[in-house]
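J.: Structure in structure tokens, see below.
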Amino acid sequence: DRSRMFRFAAPLVVSAYAWTALRPVINGILGRCADSEAAQAGFGVLHPLILLTASGLWALQATGQILARDSESARRFLGFGFVMTVSFSAFVVLLGWIPSWRDLLLTSLFDLSDDLLAYVTPAMKVLFVAPVLLGIRACFKGMILASGRTGVISLSAIADLVAVSSVGAIVLALDPTVNGAILGVSLVIVAEFVEAAILGTTAWRRFRPIG
């Protein structure tokens, strides 16, 4: 009925708005860095790379929603999701740690200046953590959707915005000269970790083996 549809869909709407708000929130935080222009420019380069390299992992959400029917099928799905997440993230590791690949991408595709290239290079080395957590989150979110009870999805989405805002404010209070590219990527990682932790805890309770 309509009330059931609303209870299912409303948290997804909240989650969609919260996810969309994440980048403006992070950009607002980076705008308060000592070198705000480099911070926002660096994050403007790296965030699309996160989305591009991890885009295939969104398929795990739909896969889990369809295939996770009980504890056994959920276990098999998580195994598949782990392999897929590691495979995608391994490429990002290589992209961040092999200088010739990294420099070719950043200078050929984005045409970065030498200064901005040096600014974003440290963040490139930790970029792979974001798709790892995104893949895990997609798995758990798919399982939550499969369970038919989505309220925790809106809770986790709001929690990640609160966490990002809090961590960003604390870091800037301690060191306004922090490298904004590293801070921006780290805040994305914080958001993914918080949401994955909340969704994962709930998914485990709903799909854990009985007995």
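J.: Relative contact order for the chain: what is it in percent, counting Cα pairs under 8 Å that are at least 6 residues apart? Write down the numbers at each step before the final one.
T.: Working: 267 pairs, mean separation 74.9, N = 211.
In percent, rounded to a whole number, it is 35.
J.: Which whole-number value in Å³ per residue fits the convex hull of the alpha carbons of region 1-141?
T.: Working: hull volume 16.9 nm³, N = 141.
Residue-normalised Cα hull volume stands at 120 Å³.
J.: Run lengths n ≥ 4 of DSSP H only: what is the helix-derived mean residue ellipticity at 222 nm for the chain, with -39500 (n - 2.57) per run over all residues, to the nearest 500? Provide the component values of the computation, followed by the final result.
T.: On the way: 9 runs with 172 residues, N = 211.
So the calculated ellipticity at 222 nm is -28000 deg cm²/dmol.
J.: So how tilted is helix 180-207 from the main axis of the chain? Cα-based, degrees 0 to 90, rounded to 10.
T.: Approximately 10 degrees, to the nearest ten.
J.: Given the options G79, G200, G31, which has the most mean-square fluctuation in a GNM of the chain, springs set between C-alpha atoms less than 10 angstrom apart?
T.: Among G79, G200, G31, the largest mean-square fluctuation in the Gaussian network model of the chain belongs to G79.
J.: Taking θ as phi - 60°, what are the ³J(HN,Hα) couplings along region 101-112 by the Karplus curve (6.51, -1.76, 1.60), each to the nearest whole Hz, with x for Gly and Pro?
T.: Per residue, the Karplus-derived 3J(HN,Hα) values read 5, 4, 5, 4, 5, 6, 8, 7, 7, 9, 6, 6 Hz.
J.: For region 14-72, count all C-alpha to C-alpha pairs, find those more than 14 Å apart, and express that count as a whole percent of the total. Mind dumping the intermediate values first?
T.: Details: 1178 of 1711 pairs.
Value for region 14-72 (Cα pairs over 14 Å): 69 percent.
J.: Springs between alpha-carbon atoms under 10 Å, Gaussian network over the chain: tell me which of G184, G42, G28 tops the mean-square fluctuations.
T.: Result for the chain, Cα springs under 10 Å: G28 fluctuates most.
J.: Given that compact globular proteins tend to follow 2.2 N^0.38 Å, what is the ratio of the alpha-carbon Rg of region 48-105 to that value? Let's see the in-between values first.
T.: On the way: Rg = 14.6 Å, N = 58, 2.2 N^0.38 = 10.3 Å.
For region 48-105, the normalised Cα radius of gyration comes out at 1.41.
J.: Rounded to whole Hz and in sequence order, give me ³J(HN,Hα) for region 119-128 from the Karplus expression 6.51 cos²θ - 1.76 cosθ + 1.60, θ = phi - 60°, writing x for Gly and Pro.
T.: For region 119-128, the Karplus curve yields 5, 8, 4, x, 5, 4, 6, 10, 4, 5 Hz.
J.: To the nearest Å, what is the center-to-center distance of region 153-199 and region 97-111, using C-alpha atoms only?
T.: Going from one Cα centre to the other spans 27 Å.
J.: Return the Rg/Rh ratio of region 132-171 with Cα-based radii and a Kirkwood Rh. Please list the in-between numbers first.
T.: Numbers: Rg = 12.4 Å, Rh = 11.3 Å.
Radius of gyration over Kirkwood radius for region 132-171 works out to 1.10.
J.: On to the next question. Can you give the FRET efficiency to the nearest 0.05 for R4 and V162, using r as the Cβ-Cβ distance and R₀ = 22 Å?
T.: Details: r = 29 Å, r/R0 = 1.30.
With R0 = 22 Å, the Cβ-Cβ based efficiency is 0.15.
J.: Here is a follow-up. Of all the accessible heavy-atom surface of region 15-139, with the other protein chains kept in place and a 1.4 Å probe, what percent is carbon and sulfur? Display every interim value, and only then the final one.
T.: Details: 4130 of 6180 Å².
So the carbon and sulfur contribution to the accessible surface is 67 percent.
J.: Mind listing which trypsin sites (Lys or Arg not before Pro) in region 49-79 are in a DSSP loop and have 13 or fewer other Cβ atoms within 10 Å? Each step should come with its number before you reach the end.
T.: Working: sites: R69, R75, R76; in loops: R69.
Within region 49-79, the qualifying trypsin sites (Lys or Arg not before Pro) (loop, at most 13 other Cβ atoms within 10 Å) are R69.
J.: Can you run the Rg to Rh ratio on region 70-168? Use alpha carbon positions and the Kirkwood inverse-distance Rh. The partial results should precede the final answer.
T.: Numbers: Rg = 17.7 Å, Rh = 16.0 Å.
When Rh is taken as the Kirkwood radius, the ratio is 1.10.
J.: Under a GNM of the chain (C-alpha, springs under 10 Å), which listed residue has the highest mean-square fluctuation: S154, S165, S87?
T.: S87
J.: Identify the trypsin sites (Lys or Arg not before Pro) of region 106-211 meeting these criteria: DSSP loop state and at most 16 other C-beta atoms within 10 Å of the C-beta. Please report the intermediate quantities before stating the final value.
T.: Working: sites: K125, R137, K141, R149, R205, R206; in loops: K125, R149.
Filter output for region 106-211: K125, R149.
J.: Given a 1.4 angstrom probe, what's the average accessible area per residue across region 1-160, in square angstrom? Walk me through the intermediate numbers first.
T.: Details: 8150 Å² over 160 residues.
Per residue, region 1-160 has 51 Å² of solvent-accessible surface.
J.: In degrees from 0 to 90, rounded to the nearest 10, what is the angle of the helix 2-30 Cα long axis to the longest principal axis of the chain?
T.: Compared with the principal axis, the helix lies near 10 degrees.
J.: What are the extents of the Cα atoms of region 165-207 along their three principal axes, in Å, largest first?
T.: 45, 17, 10
The values are calculated or read from the model by the stated rules, or taken from the named source; none is laboratory data. Nothing here was measured: the structure is a model prediction, and the numbers come from that model. Quick reminder, even Gly has a Cβ in these numbers, built from the backbone with ideal geometry, and neighbours come from all protein chains shown. These area figures cover heavy atoms from the full protein model, side chains too; ligands, DNA and RNA do not enter into them. Shrake-Rupley method; radii C 1.70, N 1.55, O 1.52, S 1.80 Å.
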